[in-house]
Each structure stands twice: as C-alpha cells, then as structure tokens.
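The structure under discussion appears below in the form of structure tokens.
The values are calculated or read from the model by the stated rules, or taken from the named source; none is laboratory data. Predicted model only: the values in this text are computed from it and were never measured. Every residue, glycine among them, receives a Cβ derived from its backbone with ideal geometry; neighbour counts consider all protein chains shown.
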Amino acid sequence: MTPRRRPTLKDVAARAGVGTATVSRVLTGNGYTSQDARDRILAAAQELGYRPSALARGLKLQRTEALGLLVADITNPFYSFVAAGALQAASEAGHHLILCATSEDPKMESEYIDVLLESRVDGILAVPTGANLEQWERALEFGVQVVLVDRELEGLRVPSVTVDNRGGAFEGTRLLLGLGHRRIAILTGPRATTTGGERLAGYLDAHAGAGVPVDERLVRSGSFMREPAVAAARELLTESPRATAIFAANNVLGEVALAAINEAGLRIPDDISLLVFDDVAWTRQMTPAVTAIAQPMDRLGSVGVERLLDALGRRPGAGKATDEPTRLPVQVIVRDSCGPPPRD
C-alpha cells in the first residue's frame, strides 16, 4: 500500500485560498492575519491533518542556525564551487546549509522558496531565475533575509554578490577583435538574467568601441542549460559566412560550442577560435587549452554567506549591513584556443 503523502504548508494554503506566508503567520503566531483567514487556515490544517514540523512549531523569530542556498544548475561545476565556498563560510560561522537546485525553472524555484520558508531558515542565498518577484518579497515580509549571488533580480532591494560580467565580456571580446576577428558569435543565456544580459552587453560594447558592426545572426541567447543550447550552437556554424570565433558565456555553453565545433570537423584555433566565460578544469586540460574569463567562484559563495550573516547581524565587528551590491573582479586568462581568423 502506497503511504499517504504528508500534507505541506503549501497544501494548507491552497485549501484555505491564501498564500504560504499567511499560513506561516497563523501557525507560528507571527504577524497579523484577519480572523476570517485565520479560521479558514486552521480549518484547512485540521481537515488535511497538517502538523508543523518540530523545527517550525512555536517559532516566532527564534534562530534555527539554518541557511538556504538556491543554485541554478547542480550539474554545472561553477555552482559546485559556489556551493563549496558557501558551505565553508556557513560552517565556520556555526550554521547549516540546505542546498536546492532549480534547473533554471521558475516553478521549481517557487516550490523551493516554500520549502525553505516551511523549514524556517534564517536566510536564503539565491541565484534567482529572474521570476517570482512577489514570492521573494513575501519571504522578506516574513522576516527571512535574502542575499542574491551571481545574479540580481530587478525590483528586489536586497544585498547581492556578483562579478564584473560586462567588463569581463568586454575584455574577452576585445581580445578577439584585436586578433582580427570581425565575425564573432556569442552563445549566451537569457537576456532577462543579469549574467546573460550583462555578458551580451559587454560583447556589444567591445564591437561598438572598435567600430565593428554586429551580425545579429551570430547572437544566440536563450538558456544557460546544456540541452536547449545544442541546436543554437550547431546553427551558428551553418551561417554564411561562418563565424571565425565563438564566445560562450558560461562553461556549459562552452562545452556545447566545443562539441559543435568538433562535430563540424573544425580545428581550434586554425579554423575557429573559442573563448569561454568560466575557467573550469576542462578549459585548462584540453588541447589546445581554452582562453577563459576566470571568476572567483568559491568567493561568490563565501562572500554571499558573509553578506547574509551581516544582514542577520551575526558577524561581530562587520559594521552596518547595507543593500549595496558587492561586485568581484574577473580576469581574462589567455591560452591557445584564440588566434587570428583563417585567411579566405
């Protein structure tokens, strides 16, 4: 016999016709809720047989020493380093870290926000999908501190820790232009994300600064995930005249671009140059080694946790917490995958 699924706070909210934050306020006694909503929530909880976890019972603003970490893609080594940095910083501060991966799916992100709120984490460090603004605002209203890492979310006034995406993309693209490339393709993520939008902006800035027009057919923005990018990478290599260089805006897209180049029987850098935003193990180990824009991946995680602890008032001597963004520098690492464009 299949065990009955334990009802969740989200189930109670759906039955009562209210938000999860409202249910949390009623069940923890934290904050005002109308009597009508309170009656419906308590009735729904009784009908469903909902029982708050021992962690959540009776907690108002009590500390749990638990933090949530929401990353975009658990298969991307970049996020492994971010998580490792965050875990180390949290552990040193005596806090536990709950890791969730959204796969760039706003619906999954929404579900994990609910899970973390139900778990009564003290704060959340998140790589946002770019959606769910109202739900993030509700988390803040409920008293959960939020710090964004790697990306920002327009309209959400919270601390953030990012890198100089635009400057790094500008310098990398300028390197290719300086080698003589005039048909540089870019494979990037959604323009709505700060990583996708800013790296594309840096690419465009470099072209504008050099007085080189951009062929829009060589600009492919859609997803930072592997599968959706495969077709885009293949299509880039069918344009005529073909691109002489590809700028992949993260390491996963770099893998996809490399596979498409090999599939087309092209040689790096004799036939086409490759530049990748992210300096991960494979970029250094392959032959020829790949020119990369290196970012301090583990520091993104550790500094993110420090900013979160600052917001929670748990870093003695750290000074007053602010919403000012923290932007870490990047560095272009020149290797053998970039050379002059092939002669016609």
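Assigned by TED's automatic domain parsing to the domain that holds Val219 and in contact (Cβ under 8 Å) with a residue 60 or more places away in the chain: is that true of Asn251 in this structure? Considered against the rule, which asks whether it is assigned by TED's automatic domain parsing to the domain that holds Val219 and in contact (Cβ under 8 Å) with a residue 60 or more places away in the chain, Asn251 comes out as yes. The number of residues in segment 198-247 that are over 19 Å from Gly178 (Cβ atoms) and not acidic (Asp, Glu) comes to 24. The numbered conditions (1) basic (Lys, Arg); (2) farther than 27 Å from Ser103 by Cβ; (3) touching a residue at least 40 places away in the same chain (Cβ under 8 Å) are all true for Arg217 except (3). Taken together, Ala260, Ala232 contain a single residue that is of a type outside the set (S, T, N, Q) and under 23 Å from the mean Cα position of the chain (by Cα), which is Ala232. Selection of segment 191-213 for residues being out of contact with any Lys or Arg (no Cβ under 8 Å at 6 or more places or on another chain), surrounded by 16 or more Cβ atoms within 10 Å (Cβ to Cβ) and not in a helix (DSSP H, G or I) yields only Arg191.
Would you list the strands (runs of 3 or more DSSP E) that sit entirely within segment 71-189 and hold 1 or more residues that are surrounded by fewer than 16 Cβ atoms within 10 Å (Cβ to Cβ)? Where strands (runs of 3 or more DSSP E) fall fully within segment 71-189 and carry at least 1 residues being surrounded by fewer than 16 Cβ atoms within 10 Å (Cβ to Cβ), they are 96-101. Yes or no: segment 301-313 includes at least one residue that is at pLDDT 95 or above and over 26 Å from the mean Cα position of the chain (by Cα). No; the residues of segment 301-313 include none that is at pLDDT 95 or above and over 26 Å from the mean Cα position of the chain (by Cα). Of all residues in segment 1-47 being in a loop (DSSP other than H, G, I, E, B) and in contact with a Ser or Thr (Cβ under 8 Å, 6 or more places away or on another chain), which is modelled with the highest pLDDT? Within segment 1-47, the match that is modelled with the highest pLDDT is Thr33. If Pro241 meets every condition in (1) more than 27 Å from Arg191 (Cα to Cα); (2) at pLDDT below 95 apart from one, which number is that one? (1) is the only condition that Pro241 fails.
Among strands (runs of 3 or more DSSP E) lying entirely in segment 227-344, which contain 2 or more residues that are hydrophobic (A, V, I, L, M, F, W, C)?
On the way: elements: 245-248, 273-277, 291-294, 326-328, 331-333.
Here the list reads 245-248, 273-277, 291-294, 331-333.
Looking only at residues of segment 122-142 that are in contact with a Leu (Cβ under 8 Å, 6 or more places away or on another chain) and among the β-branched types (Val, Ile, Thr), we find that the one that is farthest from Val18 (Cα to Cα) is Val127.
All of (1) touching a helix residue (DSSP H, G or I) at 6+ places or on another chain (Cβ under 9 Å); (2) over 30 Å from Gln88 (Cα atoms) hold for Leu153 with one exception: (2).
From the list Ile293, Ile333, the lone residue that is within 16 Å of Gly168 (Cβ to Cβ), surrounded by fewer than 22 Cβ atoms within 10 Å (Cβ to Cβ) and hydrophobic (A, V, I, L, M, F, W, C) is Ile333.
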